[in-house]
Amino acid sequence: DQQVKQNSPSLSVQEGRISILNCDYTNSMFDYFLWYKKYPAEGPTFLISISSIKDKNEDGRFTVFLNKSAKHLSLHIVPSQPGDSAVYFCAASSPFNAGGTSYGKLTFGQGTILTVHP
Amino acid sequence: DTGVSQDPRHKITKRGQNVTFRCDPISEHNRLYWYRQTLGQGPEFLTYFQNEAQLEKSRLLSDRFSAERPKGSFSTLEIQRTEQGDSAMYLCASQRIGLRGSSGNTIYFGEGSWLTVV
């Protein structure tokens with residue numbers, strides 16, 4: 001049961017253009033979402049996150065959009081750079097306790113390979 | 001550099017042998033996670049500790065797997081009687097819960113330990 005899905009295995013973009021990576025989830029208990037970037041033979045590196053009380057979060061070139069009704073989130077990278085070429089994972093979590101201040105284990109999508117061409 | 005350190009980075013072992021991986025989390029992070037990642041998939045949750053207590057184990061963690069965090073600092077993951085299906089990258093991650101706001105929600109990963117069982 002794949003609760004977090006990234007349906008595009010790969011994406012190719014020209015340098016300077018926008019990269020849009022998509023992610024869908026099925027578990028309505030998820031209320032915190034993260035994007036990680038991963039190079040081969042390295043661990044995932046945190047990029048940006050969003051809580052379900054928001055629909056947009058921006059950090060420099062990275063913006064994450066959340067559509068709760070559609071259970072869909074996307075990561076926009078503008079402008080794309082060759083150094084952005086990597087595997088991008090979206091991940092989701094739900095609070096362990098009713099307090100909701102500590103978010104627990106992550107459920108990851110399968111990843112999307114982004115290639116940015118010079 | 002996220003500050004989560006894993007050792008060894010690579011391990012090749014014969015089927016049936018035991019292997020142990022070590023993880024040193026970011027200082028003052030009270031929660032520590034173990035994940036496993038196979039080719040073409042996102043990381044999958046295995047287990048986590050809050051301080052020295054192991055609070056949850058995934059059904060992926062068979063009886064041949066054992067994890068410890070004896071003093072609430074570093075952790076070890078041991079795999080006994082390794083099988084070829086155990087070949088994967090084993091990722092450790094840490095988190096500091098109890099912080100106000102979203103900064104306590106981010107989980108930081110180490111660079112992973114590659115296991116190849118031949």
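The values are calculated or read from the model by the stated rules, or taken from the named source; none is laboratory data. Just so it is clear, the structure is predicted and the values come from calculations on it, not from any experiment. Every residue, glycine as well, gets a Cβ built from its backbone with ideal geometry; the counts of neighbours run over all protein chains shown. The area values use the complete protein model at the heavy-atom level, side chains included, leaving out ligands, DNA and RNA. Shrake-Rupley method; radii C 1.70, N 1.55, O 1.52, S 1.80 Å.
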query = Carbon-plus-sulfur fraction of the accessible area of chain B, 1.4 Å probe, in percent?
reply = 43 percent
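Any idea what the dipole of chain A comes to, in debye rounded to 20, about its Cα centre with Lys/Arg Cβ at +1 and Asp/Glu Cβ at -1?
Details: 10 positive and 9 negative charges, 21 e Å.
About 100 debye.
Please get the size of the charge dipole for chain B, origin at its Cα centre, with Cβ charges of +1 on Lys and Arg and -1 on Asp and Glu, quoted in debye to the nearest 20.
Taking the Cα centre of chain B as origin, the dipole is about 160 debye.
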request  = Net charge near A:Tyr25: determine it from the other residues with C-beta under 14 Å of the C-beta of A:Tyr25, scoring Lys and Arg +1 and Asp and Glu -1.
outcome  = 0
query = Leaving out ligands, DNA and RNA, what percent of the accessible area of the stretch A:1-102 is carbon and sulfur, probe 1.4 Å?
reply = 49 percent
remark   = the stretch B:1-27 and the stretch A:1-72 have their Cα centres apart by a whole-number Å value of 28 Å
message = Compute accessible area for the stretch A:36-50 by itself and then with all protein chains, 1.4 Å probe, and report residues whose area falls by 20 Å² or more.
response = A:Tyr36, A:Lys38, A:Ala41, A:Glu42, A:Gly43, A:Pro44, A:Phe46
key: Accessible area buried between chains A and B, both sides summed, probe 1.4 Å, in Å² to nearest 100   = 1900 Å²
request  = Amide H neighbours of B:Ser58 under 5 Å, at least 5 residues apart or on other chains, H built in the peptide plane: list them.
outcome  = B:Thr47
query = Just how much of B:Ser73 is accessible, in Å², when a 1.4 Å probe is used and the result is rounded to the nearest 10?
reply = 50 Å²
query = What distance in nm separates the simple spin-label points at A:Phe46 and B:His10, each placed 7 Å from Cα in the Cβ direction?
reply = 3.0 nm
message = Please list A:Lys5, A:Lys68, B:Lys71 from largest to smallest accessible area, probe radius 1.4 Å, with all protein chains kept in place.
response = B:Lys71, A:Lys68, A:Lys5
Longest to shortest principal axis, alpha-carbon extents of chain A, angstrom = 48, 28, 22
request  = Express the relative contact order of chain B as a whole percentage, based on alpha carbon pairs under 8 Å and six or more residues apart in sequence.
outcome  = 36 percent
query = Which whole-number percent of Cα pairs in the stretch B:21-118 have a distance greater than 15 Å?
reply = 59 percent
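Grab the beta carbon distance between B:Gln84 and A:Ser12, set R0 = 35 Å, and tell me the FRET efficiency rounded to 0.05.
Once the sixth-power term is evaluated, E becomes 0.55.
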key: Lys/Arg +1, Asp/Glu -1 at C-beta; the stretch B:24-118 dipole; positive extreme among B:Ser113, B:Tyr33, B:Leu55   = B:Leu55
message = Going 7 Å from the Cα of A:Thr115 along its beta-carbon direction, which residues of the stretch A:36-62 have the amide nitrogen within less than 18 Å of the resulting point?
response = A:38-41
remark   = SASA check, B:Glu28, accessible area w/ 1.4 Å probe, all protein chains in place, rounded to nearest 10 Å², comes out at 140 Å²
query = Over all distinct alpha-carbon pairs, what is the Kirkwood Rh of the stretch A:31-89 in angstrom?
reply = 12.1 Å
